[in-house]
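Trainee: Here's a structure for you.
The values are calculated or read from the model by the stated rules, or taken from the named source; none is laboratory data. What you are looking at is a predicted structure, and each value in this text was computed from that prediction instead of being measured. Note that we place each Cβ from the backbone using ideal geometry, even for glycine, and neighbour counts take in every protein chain shown. Note: accessible area is taken over every heavy atom of the protein model, side chains too, but ligands, DNA and RNA are not part of it. Shrake-Rupley method; radii C 1.70, N 1.55, O 1.52, S 1.80 Å.
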Amino acid sequence: MTEPQIEPQSVGVVAPTAARFDDVLHLRSGDRLDGYELVYETYGELNAARSNAVLVCHALSGSHHVAGRYAGEDGDSSWWDNLVGPGKPLDTRKFFVIGVNNLGGCSGSTGPRSTNPATGKPWGADFPFVTVEDWVDAQARLAERLGIDSLAAVIGGSLGGMQALSWTLQYPNRVRHAAVIASAPKLSAQNIAFNEVARQAILTDPDFHDGDFYQYDAVPERGLRLARMVGHITYLSDDAMGEKFGRTLRHGKALYSYDVEFEIESYLRHQGDKFAREFDANTYLLTTKALDYYDPAFTHGGDLVAALAAARAGFLVVAFTTDWRFSPARSREIVYALAHNGRDVSYAEIDCPAGHDSFLLADPQYHAVLSAWFDRIEV
Amino acid sequence: MAGYRYDYEVIAQWIEPGEKVLDLGCGDGDLLCHLIKVREVRGYGVENDPEKVTACVKNGINVIQADMNRGLTGFVDGFFDHVIMSLSLQAMHNTQGILAEMLRVGREAVVSFPNFGYWRHRQSILNGRMPVSRSLPYQWFDTPNVRFFTIDDFEALCARCGIAIRKRLAFDEGKVIVDEPNFLASMAVYRLGRDEIV
C-alpha cells in the first residue's frame with residue numbers, strides 16, 4: 001500500500017511523545033495529583049535560543065494532535081491542521097509548535113481512564129476536578145521540561161482561548177504573546193445551562209455507573225451522544241445550519257416515523273455516534289466543569305480590568321460574527337479590559353457564517369490576520 | 001485618505017509625549033505609527049474595514065475592529081488623553097453622538113474634516129456639479145461621505161452642543177489659511193474639549 005500524498009504545506013507524518021512528571025501537582029480544587037503523564041506533539045525545530053516555541057491549547061474535544069497525520073493513516077485526524085505547517089499562519093519554518101493533551105483528557109494524558117495508583121483500577125469518577133489554571137500549570141511544567149523559559153506565543157480557541165488568557169495571568173513573564181480566539185472571560189448562564197444539559201445526559205445514562213463504567217465494560221453512549229448533539233447545535237449558527245441542511249427530507253416526503261428523516265437529524269446522530277465511540281464520558285464532565293468554573297475576575301470582585309492587570313503579553317483577540325456560543329461581545333470584554341490596562345491588544349471580528357466552529361476553519365480574513373500577527377512576533 | 005501629512009503634523013503638535021491616544025477610523029495605522037514615533041504615545045485604533053484591520057496588525061498597531069457609529073461603549077470615561085478622528089467625521093451618520101462619545105472617553109478630541117464651503121467647491125456647485133477635489137475625491141454616487149458641512153456649520157454645531165473649540169487650524173493644500181477659512185480652506189483640524197461647569 002502506498003502512503004497517501006502529503007500536501008506541501010503539511011507538517012507530514014507525526015508521532016506523539018509522553019512525558020512523565022513525578023512531582024506533586026496541587027489543584028485548585030484542593031486535591032492533588034502525585035504524578036501524571038502528559039502526551040504531546042511538536043512540529044518544527046526549537047531554535048538555539050529556545051525562543052520560538054508556540055503552545056497550542058485545545059478545547060473540549062481536541063487533543064495534542066494539532067497538525068499532520070499519523071503513519072499508516074489516510075485523511076487528517078489532526079484538528080487544527082489548516083493553521084500549523086510550513087507556509088501556514090503558524091509557520092513551522094519559524095516556530096516550534098507544541099500541542100499537549102490536557103490533564104483529565106482521554107487522548108493519552110493522565111485522566112479518568114488511566115489507572116489510579118492507589119487502587120490499581122481506572123480513576124473513573126475519582127479523578128480530581130481540574131481547572132483551566134491547573135491545565136496551564138501542567139503545561140508550564142511541560143514547557144520547562146522542554147527547556148523553554150519563555151513561550152513566543154500561546155494560542156487557543158474557545159476553551160483553548162481561556163487557557164491562552166490564563167497563561168498570561170499565571171505566568172506573565174513566561175509568555176510573550178497570546179491569541180485568544182472565539183473565547184470568553186467566563187461563561188454566561190446560558191453557556192453553563194447547555195453544559196448542564198450535556199452533563200445530565202451523561203450522568204443519567206444507566207451505563208454511566210456513577211463514572212465507574214469501565215469496570216462494567218459499559219460505555220454511556222446514549223449520554224455522550226446526546227451531549228454531543230446539544231453541543232453541535234450551539235457550535236453552528238442558525239444560518240449555517242439552514243444553509244447546510246435546511247428542511248431537506250431524506251425521502252423527499254414525510255414518513256411519519258422517528259427514524260432519520262430531516263438531514264439535520266442525520267448530521268447530529270452521526271456526530272453523536274462518532275463522539276460516543278471515541279470520547280470519554282468522565283473527561284467530558286470534567287472538561288465542561290472546567291469551562292463553567294473559569295472566571296479570572298471572580299477573585300477580583302468581578303472586575304475583569306483588575307483581573308487582567310497581571311498580563312504582560314501582546315494579545316490578538318478574534319471573534320466571529322455568527323458565533324452565539326462565544327459571541328463577539330464576550331471577546332470585546334477581554335479586549336477592553338486589556339486596553340484599560342494599557343496592554344498591546346488587537347481585535348478582529350471575522351464575518352464568517354459557520355458560528356463557533358469558524359475558529360477551526362480557514363476563512364481567508366481570519367487566516368490573514370493570524371498570519372500578520374504571527375509574522376511580527378520576534379523569536 | 002492617507003498622505004495628508006500636514007494634518008498629521010498638526011495633530012502630533014497637540015499631543016504630549018506618552019499620552020494615551022485613540023484613533024477612530026485609523027486605516028492601516030499610519031497616523032498612530034507617526035504618533036508612536038514622534039510622541040511615543042500608547043495608541044489604539046478603531047477600524048471596521050477587515051483589510052485595514054489586517055494592515056494594522058501587520059504594522060504592529062493595536063487595532064480594535066468595531067463600527068464607530070455604534071459608539072465607544074467599551075471604554076470608560078476619560079480613559080484617553082486624546083481621541084482623534086482624521087477626515088472621517090463626514091462619513092459618520094451619528095455626528096453628535098460620536099462627538100459626545102469622543103469627549104466622554106477622551107479628555108480632548110481632535111477632529112479634521114474637508115470643508116464643503118471651500119471656494120472651489122462653491123464654484124463647482126455654481127457650475128451645477130457636485131465638487132470633486134483632493135479633499136473630496138469621490139463622485140456623488142460612490143462617496144462614503146454622508147454629511148456635507150462647512151467650517152461655519154461645524155462651529156455652530158459645537159456651540160449648540162456645548163463643545164469648546166480649543167484650537168483650529170485651516171489649510172488649503174497644506175498652506176495654513178488664517179483669513180476667511182470657511183471660503184479659502186479645503187480642510188480644517190480642531191482641538192475640542194468640554195468647558196468645566198463651575
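Trainee: Just going by the charge dipole of the protein assembly as shown, with Lys and Arg at +1 and Asp and Glu at -1 on Cβ, which of A:ALA164, B:VAL38, A:VAL379 is farthest out on the positive end?
Mentor: Towards the positive end, the residue furthest out is B:VAL38.
Trainee: Taking each residue in B:50-63, count the Cβ atoms of any other chain within 10 Å of its Cβ, then average. What number comes out? Mind showing how you got there, number by number?
Mentor: Details: counts 9, 3, 0, 9, 11, 2, 4, 13, 7, 2, 6, 2, 10, 5.
Mean shielding count: 6.
Trainee: How far is the Cα center of the stretch B:76-122 from the Cα center of the stretch A:168-194, in Å?
Mentor: 34
Trainee: While we're here: Give the distance, in whole Å, between the Cα centre of the stretch A:272-320 and the Cα centre of the stretch B:22-75.
Mentor: Cα centroid to Cα centroid, the span is 28 Å.
Trainee: Hey, another quick one. How much length would be gained if the chain were fully extended between A:ALA125 and A:ALA329, taking 0.36 nm per residue of separation minus their Cα-Cα distance, in nm to one decimal? The partial results should precede the final answer.
Mentor: Numbers: separation 204, 0.36 × 204 = 73.44 nm, distance 3.55 nm.
Between A:ALA125 and A:ALA329, full extension yields 69.9 nm more.
Trainee: Among B:ALA156, A:ILE192, A:LEU304, whose Cα projects farthest towards the positive end of the dipole of the protein assembly as shown, with charges put on the beta-carbon of Lys, Arg (+1) and Asp, Glu (-1)?
Mentor: Of the candidates, B:ALA156 comes out farthest on the positive side.
Trainee: Output the antiparallel fraction of DSSP beta bridges having both residues in the protein assembly as shown, as a percent to the nearest 5. Present the calculation step by step, with values, prior to reporting the outcome.
Mentor: Numbers: 31 of 77 bridges.
So the antiparallel bridges amount to about 40 percent of the total.
Trainee: Taking R0 as 35 Å, what FRET efficiency do you get between A:ARG247 and A:ALA362 from their Cβ-Cβ distance, rounded to the nearest 0.05?
Mentor: Once the sixth-power term is evaluated, E becomes 0.75.
Trainee: Can I ask one more? With a 1.4 Å probe on protein heavy atoms only, work out how much accessible surface B and A bury together, total over both chains, in Å² to the nearest 100.
Mentor: Buried surface at the B/A interface: approximately 1800 Å².
Trainee: Given only helices, namely DSSP H runs of n ≥ 4 each adding -39500 (n - 2.57), what is the per-residue ellipticity at 222 nm of chain A, to the nearest 500 deg cm²/dmol?
Mentor: Calculated at 222 nm, the ellipticity per residue is -10000 deg cm²/dmol.
Trainee: Same structure, new question: Which entries in the list A:LYS88/B:LYS20; A:LYS88/B:LYS52; A:LYS186/B:LYS52 go over 23 Å, if you measure between the two C-alpha atoms of each?
Mentor: On the way: A:LYS88/B:LYS20 35 Å; A:LYS88/B:LYS52 21 Å; A:LYS186/B:LYS52 30 Å.
Flagged as over cut-off: A:LYS88/B:LYS20; A:LYS186/B:LYS52.
Trainee: Classify the protein assembly as shown from the C-alpha gyration tensor, please: rounded if a/c falls under 1.5, else prolate or oblate depending on whether a/b exceeds b/c.
Mentor: prolate
Trainee: Let me ask another. Over the stretch A:36-85, one equal point on each Cα, no solvent: what is log10 I(q)/I(0) by the Debye formula at q = 0.14, 0.19, 0.21, 0.30 Å⁻¹?
Mentor: Result of the Debye calculation: -0.42, -0.74, -0.87, -1.26.
Trainee: Can you tell which of A:PRO112, A:MET241, A:ALA201 lies farthest toward the positive end of the dipole of the protein assembly as shown, using +1 and -1 charges on the Cβ of basic and acidic side chains (Lys, Arg; Asp, Glu)?
Mentor: Final value for the positive-end residue is A:MET241.
Trainee: If you don't mind, another one. Give or take rounding to whole Å, what are the principal axis extents of the alpha carbon atoms in the stretch A:223-293, in descending order?
Mentor: Reported extents, whole Å, longest axis first: 44, 25, 17.
Trainee: Between rounded, prolate and oblate, where does the stretch B:1-106 land on the alpha carbon gyration tensor, with a ≥ b ≥ c its root eigenvalues, rounded for a/c under 1.5, else prolate if a/b exceeds b/c?
Mentor: Taking the square roots of the gyration eigenvalues as a ≥ b ≥ c, the stretch B:1-106 is rounded.
Trainee: Given the peptides A:358-365, A:104-111, arrange them by the average over their residues of other C-beta atoms within 10 Å, most packed first.
Mentor: Details: A:358-365: 18.0, A:104-111: 24.8.
Peptide ranking by packing, descending: A:104-111, A:358-365.
Trainee: Grab the alpha carbons of chain B, take their convex hull, and tell me the volume per residue in Å³.
Mentor: 120
Trainee: Now, a different point. Considering only the other residues whose Cβ falls under 11 Å of the Cβ of A:GLY157, what net charge follows from Lys and Arg at +1 and Asp and Glu at -1?
Mentor: -2
Trainee: Could you look at the protein assembly as shown and say what percent of its accessible area is carbon and sulfur, using a 1.4 Å probe and all protein chains? Write out the running numbers ahead of the final one.
Mentor: Working: 12600 of 25030 Å².
Carbon and sulfur atoms account for 50 percent of the accessible area of the protein assembly as shown.
Trainee: Return the distance in nm (one decimal) between the two label points of a simple spin-label model at B:GLN139 and A:GLN200, each offset 7 Å from Cα along Cα→Cβ.
Mentor: Label at B:GLN139, label at A:GLN200, 6.2 nm between them.
Trainee: Please list A:38-44, A:351-357 highest first by mean number of surrounding beta-carbon atoms within 10 Å per residue.
Mentor: For the peptides A:38-44, A:351-357, the packing ranking is A:38-44, A:351-357.
Trainee: Ordered by packing density, taken as the mean number of other Cβ atoms within 10 Å over each peptide's residues, highest first, how do A:336-342, A:291-297, B:56-62 rank? It would help to have the intermediate numbers written out before the result.
Mentor: Numbers: A:336-342: 20.7, A:291-297: 19.1, B:56-62: 22.3.
In decreasing order of mean packing, A:336-342, A:291-297, B:56-62 become B:56-62, A:336-342, A:291-297.
Trainee: While we're here: Calculate the length of the line joining the C-alpha centroid of the stretch B:165-196 to that of the stretch A:38-56, in whole Å.
Mentor: For the stretch B:165-196 versus the stretch A:38-56, the Cα centre distance is 55 Å.
Trainee: By DSSP, what percent of the beta bridges with both residues in the stretch A:1-135 are antiparallel, rounded to the nearest 5?
Mentor: Values: 13 of 20 bridges.
Approximately 65 percent, going by the DSSP bridge assignments.
Trainee: Mean-square fluctuation check for chain B, GNM, Cα pairs under 10 Å: which of B:ALA156, B:ALA109, B:ALA66 is largest?
Mentor: Its mean-square fluctuation being the largest, the pick is B:ALA156.
Trainee: If you restrict to DSSP beta bridges whose two residues both lie in the stretch B:64-198, what percentage is antiparallel, to the nearest 5?
Mentor: Here the antiparallel bridges make up roughly 75 percent for the stretch B:64-198.
Trainee: Now, a different point. Per residue of A:314-320, count partner chain C-beta atoms within 10 Å of its C-beta, then hand back the mean as an integer.
Mentor: That average works out to 1.
Trainee: Rounded if a/c is under 1.5, else prolate if a/b is larger than b/c, else oblate: which is the stretch B:114-155, with a ≥ b ≥ c the root eigenvalues of its Cα gyration tensor?
Mentor: Taking the square roots of the gyration eigenvalues as a ≥ b ≥ c, the stretch B:114-155 is oblate.
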